[in-house]
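Asks: To start, I am sharing the structure in question, which I have written as structure tokens.
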Amino acid sequence: LFLSRLTGKPYIIDMRDPWTLSPEVEWGRTRNSIEAFWERLCIRGASKVINITEQATQADREKYPDVDPSKFECITQGFDPSDFEDVDGKRTHTFTIATTGTYYEFRTPEYFLRALRSLVDCNPGFASEIRCRFMGAGGTIVEVFVEKYNLADIVEVLPYGTHQDSTAFLMNSDVLLL
């Protein structure tokens, strides 16, 4: 926004995830006001506003009825077959659940890990048959819940990898967790 104003060049804001419309974000009254101010300023100043889903695009159009609706565009996640050309999925000896991505204080895998703990408690032999692997940012948050639910023998937490590493990581799993 500032560079656009300084240079007179248009700018596009790629939201990826909702800014203030996310139901998972609870900043408090003061921070909500500040974030709403900056979102409004950035959206009104943008040449285009890109969202990742039609729902988010429509929500922005409704939130900003004074902004030309054609300014809002949806570009969904893409798929590039060449990402998988040199990656072979390998069967594992244990049932493997994997996920890549980012976790935050307000978006955690706690419910999933609590359910995994409950499943293992009900079926003790299951612990030797399943693995869950996390790759990406927010590993510390994941590790908190791994420790809380005593899942260190089942859950592996890895840092971000390259795009090729994360593709291989996912291909070497039985189920992907979203």
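The values are calculated or read from the model by the stated rules, or taken from the named source; none is laboratory data. The model shown is predicted, which means the values in this text are computed figures rather than measured ones. When we count neighbours, we look across all protein chains shown, and the Cβ atoms used for this are built from the backbone with ideal geometry, even at glycine. Areas reflect the complete protein model, heavy atoms only, side chains present, ligands, DNA and RNA absent. Shrake-Rupley method; radii C 1.70, N 1.55, O 1.52, S 1.80 Å.
Asks: Please sort by residue number the GluC sites (Glu not before Pro) in segment 1-103 whose DSSP state is loop and whose Cβ has at most 16 other Cβ atoms within 10 Å.
Replies: Those satisfying the criteria are 24, 26, 85.
Asks: Which percent, nearest 5, of DSSP beta bridges in the chain are antiparallel?
Replies: If I count the DSSP bridges inside the chain, around 5 percent turn out antiparallel.
Asks: Toward the positive end of the charge dipole of segment 84-146, about the Cα centre and with charges on Cβ (Lys, Arg +1; Asp, Glu -1), which of 102, 122, 140 goes farthest?
Replies: Projecting each Cα onto the dipole axis, the largest value belongs to 122.
Asks: Also, I was wondering about something else. Report in % the part of the accessible area of segment 83-178 that belongs to carbon and sulfur, leaving out ligands and nucleic acids; probe 1.4 Å.
Replies: 54
Asks: Across the Cα atoms of the chain, what radius of gyration and what greatest pairwise Cα-Cα distance (Dmax) are found, in Å?
Replies: Radius of gyration, then largest Cα-Cα span, for the chain: 20.6, 65 Å.
Asks: Turning to a different aspect of this structure: The chain: longest stretch without exposed trypsin sites (Lys or Arg not before Pro) (DSSP loop, at most 14 other Cβ within 10 Å), sites themselves excluded?
Replies: It runs 92-178.
Asks: Determine, for segment 1-140, the count of lysine pairs separated by eight or more sequence positions (or lying on different chains) whose alpha-carbon distance falls under 18 Å.
Replies: The result is 5.
Asks: Report the extension gain between residue 123 and residue 171 in nm, rounded to one decimal, defined as 0.36 nm multiplied by the number of residues separating them, less their alpha carbon distance.
Replies: Residue separation times 0.36 nm, minus the Cα-Cα distance, leaves 14.6 nm.
Asks: I've got another one for you. Just add up the charged neighbours of residue 67: K/R +1, D/E -1, any other residue whose Cβ is under 12 Å from the Cβ of residue 67.
Replies: Residues near residue 67 contribute +1 overall.
Asks: Give me a comma-separated list of calculated 3J(HN,Hα) values for segment 145-156, in order, Karplus coefficients 6.51, -1.76, 1.60 applied at θ = phi - 60°, integers in Hz, x for any Gly or Pro.
Replies: Karplus-based 3J(HN,Hα) across segment 145-156 equals 6, 4, 5, 4, 9, 6, 10, 4, 6, 10, 9, 10 Hz.
Asks: Roughly how big is segment 12-115's charge dipole about its Cα centre, with Cβ charges of +1 (Lys, Arg) and -1 (Asp, Glu), in debye to the nearest 20?
Replies: With only Lys, Arg, Asp and Glu charged at Cβ, the dipole is about 380 debye.
Asks: If you don't mind, there's one more thing I want to ask. For segment 1-77, run through the chymotrypsin sites (Phe, Trp or Tyr not before Pro) and keep only the ones in DSSP coil with at most 14 other Cβ atoms within 10 Å of their Cβ.
Replies: 27
Asks: Counting alpha carbon pairs within less than 8 Å and at least 6 residues apart, what relative contact order, in whole percent, applies to the chain?
Replies: In percent, rounded to a whole number, it is 22.
Asks: Another one. Would you please report the Å³ per residue occupied by the convex hull of the alpha carbon atoms in segment 110-178?
Replies: Enclosed volume per residue, from the Cα hull, is 87 Å³.
Asks: Run through segment 100-156 and list the GluC sites (Glu not before Pro) located in a DSSP loop whose Cβ has at most 12 other Cβ atoms within 10 Å.
Replies: Loop-located and lightly packed - 105, 129.
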